[in-house]
Amino acid sequence: MLISHVFEDRVLHVTLLRDLDVAGRAAAALHIETLLSAHCPRHVRIQLPTTDPSPASLSVLARARRLCEGLGVPLSVVGPVRIGPRARPAAA
């Protein structure tokens with residue numbers, strides 16, 4: 001599986017589960033396009049798996065941006081979720 005998604009309050013949350021390679025790029029782009037067509041979201045949020053995404057991951061992101069622009073749907077992109085000491089609030 002290359003991506004996961006949740007559709008909640010007309011917001012489509014898409015997560016790239018791993019940094020993509022060329023072989024996964026087309027499948028992920030097609031999956032996102034299908035999700036956009038099926039859900040007609042009012043907003044799309046894509047979470048990248050790394051702070052330094054591969055060219056294939058950036059290509060999927062660019063494709064999603066073009067699709068969202070064509071539909072008039074805003075797109076937000078967020079980085080990876082940090083787990084560990086850096087994610088915890090500092091002690092007061």
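For the stretch 72-92, what are the residues that are modelled with pLDDT of 95 or more and either part of a loop (DSSP other than H, G, I, E, B) or more than 17 Å from Ile3 (Cα to Cα) (or both)?
Gly72, Val73, Pro74 - these are the residues of the stretch 72-92 that are modelled with pLDDT of 95 or more and either part of a loop (DSSP other than H, G, I, E, B) or more than 17 Å from Ile3 (Cα to Cα) (or both).
What number of residues in the stretch 44-63 are among the small types (Gly, Ala, Ser) and not in a helix (DSSP H, G or I)?
1
Among (1) surrounded by 14 or more Cβ atoms within 10 Å (Cβ to Cβ); (2) assigned to a strand (DSSP E or B), there is one condition Pro41 misses while meeting the rest; what is its number?
Pro41 satisfies every listed condition except (2).
Yes/no matrix, rows are residues, columns are (1) closer than 16 Å to Val73 by Cα; (2) polar (S, T, N, Q):
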position: Glu8; (1), (2): yes, no
position: Thr15; (1), (2): no, yes
position: Leu20; (1), (2): no, no
position: Gly24; (1), (2): no, no
position: Ala27; (1), (2): no, no
position: Ile32; (1), (2): yes, no
position: Arg42; (1), (2): yes, no
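Would it be correct to say that Leu12 is open to solvent by less than 80 Å² (accessible area, probe 1.4 Å), in a helix (DSSP H, G or I), in contact with a His (Cβ under 7 Å, 6 or more places away or on another chain) and at pLDDT 95 or above?
no
Tell me yes or no: at least one residue of the stretch 54-69 is in contact with a strand residue (DSSP E or B) (Cβ under 6 Å, 6 or more places away or on another chain), farther than 14 Å from His5 by Cα, open to solvent by 70 Å² or more (accessible area, probe 1.4 Å) and not small (Gly, Ala, Ser).
Looking through the stretch 54-69, at least one residue is in contact with a strand residue (DSSP E or B) (Cβ under 6 Å, 6 or more places away or on another chain), farther than 14 Å from His5 by Cα, open to solvent by 70 Å² or more (accessible area, probe 1.4 Å) and not small (Gly, Ala, Ser).
Within the set of pairs 6 or more residues apart or between chains, which connect a residue that is under 22 Å from Leu17 (Cα atoms) and in contact (Cβ under 8 Å) with a residue 12 or more places away in the chain inside the stretch 69-80 to a residue that is of a type in the set (Val, Ile, Thr) and part of a loop (DSSP other than H, G, I, E, B) with Cβ atoms less than 6 Å apart?
Gly79/Thr51; Pro80/Thr50
The values are calculated or read from the model by the stated rules, or taken from the named source; none is laboratory data. For clarity, every value in this text was computed on a predicted model and none was experimentally measured. Counting neighbours? That spans all protein chains shown, and the Cβs are built from the backbone with ideal geometry, glycine included. Surface accessibility is based on the protein's heavy atoms, side chains included, excluding ligands, DNA and RNA. Shrake-Rupley method; radii C 1.70, N 1.55, O 1.52, S 1.80 Å.
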